[in-house]
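Report on one structure; see the data block that follows.
The values are calculated or read from the model by the stated rules, or taken from the named source; none is laboratory data. This one's a predicted model, so the numbers in the text were calculated from it and none came from an experiment. Please note: Cβ atoms are built from the backbone with ideal geometry, for glycine as well, and neighbour counts cover all protein chains shown. Please note that ligands, DNA and RNA were not included when accessible areas were found on the heavy atoms of the full protein model with its side chains. Shrake-Rupley method; radii C 1.70, N 1.55, O 1.52, S 1.80 Å.
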Amino acid sequence: MSNALRATLLSLFGSLAPGCASPGPPAPTSAPDAPADLVITAGVVRTMDPGRPRAEAVAVRGERIVFVGSAADAKAFVGPETRVEELPGRAIVPGLVDGHAHLYGLGVALETLSVRGVRSAEAAAALVADSAKGRPSGEWITGRGWDQNLWPGAAFPTHAPLDAAAPEHPVALRRVDGHALWANAAAMRAAGVGRGTQDPAGGRILRDAAGEPTGVFVDNAMGLVEAKIPADPPAVRERRILRAAEAALSSGLTAVHEMGIDDETASVYRALAAAGRLPIRVYAYLAGDGHLEGLKARAPDVDPTGTALFVLRGVKLFADGALGSRGAALLEPYADEPSTSGLLLMDREALARAARLVADAGFQLAVHAIGDRANRAVLDAFEALGPGRAAALRFRVEHAQILSPDDLPRFSALGVIASMQPTHATSDMPWAPARLGPRRLEGAYAWRSLLSSGARLVFGSDFPVEDPSPLLGLYAAVTRQDLSGQPPGGWMPGERLDLDEALLAFTAAPAYAAFAEGQRGRIAPGYVADLTVLGRDLSPDRSLVGTPIDMVVVGGRVARAPAPAPAPR
């Protein structure tokens, strides 16, 4: 463990957040007062604890860790009822956390049409035609995943292919990043959208030469169509949450930061957690649209023991759109489309007003900002709250993808969390240089620069925009290469992180962002037993991608059991 990483860990764990209880006293290394419920031995335990970076075994009683140390000393914690897992060659890390995800969105994606990876608008329309078979006329077909950057010419589609594929069904397909919608004529009729429809603030309706809508709606304009899609009933929401949670567990995740849900979805989460049916932890942010004024009458959840399965403590807002749909708000025009510099979904005054509303209500604010103009506006709004206020409430910037060099040190100065997604860089690198030009790339996906400036990094995937696997994020963070190993040496390799730094951003740092650094995020006596067991130790190379997930423990409960050993031949 490097001295720099040790210092970062000490800064995370040296003092506890307001409202967090202290962890219990260290477990004795001699015989305990009572046996453990679970003892796991492995090839290596990567603790993220600056006092003991590596160990061989972990013992758990109830929801908490009672021992971390050698395999020999762990035997003292084994009793007649203790579950013992001997996993030689495996690696145990603190429970991996996705610091920016859409768990309910993943559940929706798993049950709706996927057009991810298709290589043309016609190929996507063919999938829509298949989906329409057997559906009653008028039933909506929804889905996600198209990316015009993969298509010949990289042009946005029109409604014509969808009209031919499903003329009697309204069709609404979100772009892979969720910041543009592709609709057919039936969907536009249902929404009452036509030539005379004005672009809403923070949104854009793409139009042809005659001024007619082409079928693509960017950012806030998506709501014109999506407002007409029938809402999901509670039973459907529950099914989708549970299905997505199982997918997250299979990826090695013990918790997610759920970015932007409505009250109806939050109610389903609460019911599942109260019944003990939510298999992973969900730290949630309320979708800010329409909820800001109501914050005065409600209080954020608190979790002093760090053991709650569902906590709603934050609010999520959008400052701009996405780079792929040219909705990210830039200080200067796009290099590949000089007629636009993107969209601010909230103007500077609205951002400042919202930040103060959220702060006065005691909630944590997370703001989506991708372009350098949006990031500056958000940092200005946080700074306007006054010294130390954004830091005390742990305000966050989600994505922080394109930064002006002048704004980069402000994250550390203001105590603002930079919540970033490593696989966004490796997904965007084929076309981001064309969008930005070489000069602006210097502040793009700048993990190393932010970390070196003293900023706190929290990593996630933004699934279902990207794959949920945190191992893919670790791989992208340490190599800055795609899955084929390109480009050699990595894209802008000076922004790479080392393995422990990247692991910190998926473990200890999300715990800090959730006000739980005294409870979760490292493997130490007294901490909550959230653990991810990997099929082998981690190396900063391509082997990360294929590393198996052998076991997941959430609050001392084995949520995903190890596969049985193969029978001897």
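Would you point out the residue of region 496-518, among those that are aromatic (Phe, Trp, Tyr) and open to solvent by less than 20 Å² (accessible area, probe 1.4 Å), that is nearest to Ala446 (Cα to Cα)? Break it down stepwise before answering.
At the first step, the residues of region 496-518 found to be aromatic (Phe, Trp, Tyr) are 506, 512, 515.
From what is left, the residues that are open to solvent by less than 20 Å² (accessible area, probe 1.4 Å) are 506, 515.
On the way: Phe506: 17, Phe515: 25 Å.
Ranking the candidates gives Phe506 first.
Can you name every residue in region 265-276 that is without any contact (Cβ under 8 Å) to a residue 40 or more places away in the chain and in contact with a helix residue (DSSP H, G or I) (Cβ under 7 Å, 6 or more places away or on another chain)?
Val268, Leu272
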- Note on the structure: Screening Val268, Val302, Val311 for residues that are at pLDDT 95 or above and part of a strand (DSSP E or B) leaves only Val311
- Task: Identify, by number, the condition in (1) without any contact (Cβ under 8 Å) to a residue 40 or more places away in the chain; (2) farther than 22 Å from Gln148 by Cβ; (3) of a type outside the set (Asp, Glu) that Ile205 doesn't meet.
- Result: (2)
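Scan region 228-242 for residues that are surrounded by 15 or more Cβ atoms within 10 Å (Cβ to Cβ) and either of a type in the set (S, T, N, Q) or assigned to a helix (DSSP H, G or I) (or both) and jot them down.
Hits for region 228-242 are Arg237, Glu238, Arg239, Arg240, Ile241, Leu242.
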- Note on the structure: When (1) at pLDDT 95 or above; (2) at positive phi; (3) surrounded by fewer than 21 Cβ atoms within 10 Å (Cβ to Cβ) are applied to Gly290, the one that fails is (1)
- Message: Quick test for you: out of Leu309, Leu278, Leu330, pick the one residue that is over 20 Å from Ala511 (Cβ atoms) and among the aliphatic types (A, V, I, L, M).
- Response: Leu330
- Take the residues in region 261-271 that are farther than 29 Å from Leu474 by Cβ and of a type in the set (A, V, I, L, M, F, W, C), then tell me which one is most open to solvent (accessible area, probe 1.4 Å). Ala271
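For region 448-555, give me every one of the helices (runs of 4 or more DSSP H) that falls completely inside it and has 3 or more residues that are within 22 Å of Glu56 (Cα to Cα) and at pLDDT 95 or above. Before you say what the answer is, go through the steps one by one.
Numbers: elements: 470-479, 499-505, 508-513.
Once the helices (runs of 4 or more DSSP H) in region 448-555 are filtered for at least 3 residues that are within 22 Å of Glu56 (Cα to Cα) and at pLDDT 95 or above, what remains is 499-505.
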- Say we look at region 137-180 and pick out the residues that are open to solvent by 50 Å² or more (accessible area, probe 1.4 Å) and over 24 Å from Gly321 (Cα atoms); which of these is nearest to the chain's Cα centre (by Cα)? Glu139
- Message: So, Ala124, is that one of a type outside the set (Phe, Trp, Tyr), in contact (Cβ under 8 Å) with a residue 12 or more places away in the chain and open to solvent by less than 30 Å² (accessible area, probe 1.4 Å) or not?
- Response: yes
- Query: Which is without any contact (Cβ under 8 Å) to a residue 24 or more places away in the chain and surrounded by fewer than 24 Cβ atoms within 10 Å (Cβ to Cβ), of Pro493, Pro540, Pro525?
  - Reply: Pro493
- Do we find that Ala284 is farther than 30 Å from Ala434 by Cβ, open to solvent by 60 Å² or more (accessible area, probe 1.4 Å) and outside any helix (DSSP H, G or I) in this structure? no
- Give region 468-484 a look and list any residue that's surrounded by fewer than 24 Cβ atoms within 10 Å (Cβ to Cβ) and either over 20 Å from Ser539 (Cα atoms) or touching a Pro at 6+ places or on another chain (Cβ under 6 Å) (or both), or say none. Val478
- Count - residues of region 297-323 that are open to solvent by 30 Å² or more (accessible area, probe 1.4 Å) and in contact with a helix residue (DSSP H, G or I) (Cβ under 6 Å, 6 or more places away or on another chain): 1
- Query: Within region 88-96, is there a residue that is open to solvent by 60 Å² or more (accessible area, probe 1.4 Å), out of contact with any Asp or Glu (no Cβ under 9 Å at 6 or more places or on another chain) and in a strand (DSSP E or B)?
  - Reply: yes
- Can you name the condition, by its number, that Thr197 falls short on among (1) open to solvent by 50 Å² or more (accessible area, probe 1.4 Å); (2) without any contact (Cβ under 8 Å) to a residue 40 or more places away in the chain; (3) not in a helix (DSSP H, G or I)? (1)
- Those residues of region 256-283 that are within 17 Å of Tyr512 (Cβ to Cβ) and out of contact with any His (no Cβ under 7 Å at 6 or more places or on another chain) come to a total of 2
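Evaluate the following for Glu258: is it open to solvent by 10 Å² or more (accessible area, probe 1.4 Å) and acidic (Asp, Glu)?
So Glu258 fails the test.
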- Message: Among the residues that make up region 74-82, is at least one of them hydroxyl-bearing (Ser, Thr, Tyr) and open to solvent by 50 Å² or more (accessible area, probe 1.4 Å)?
- Response: no
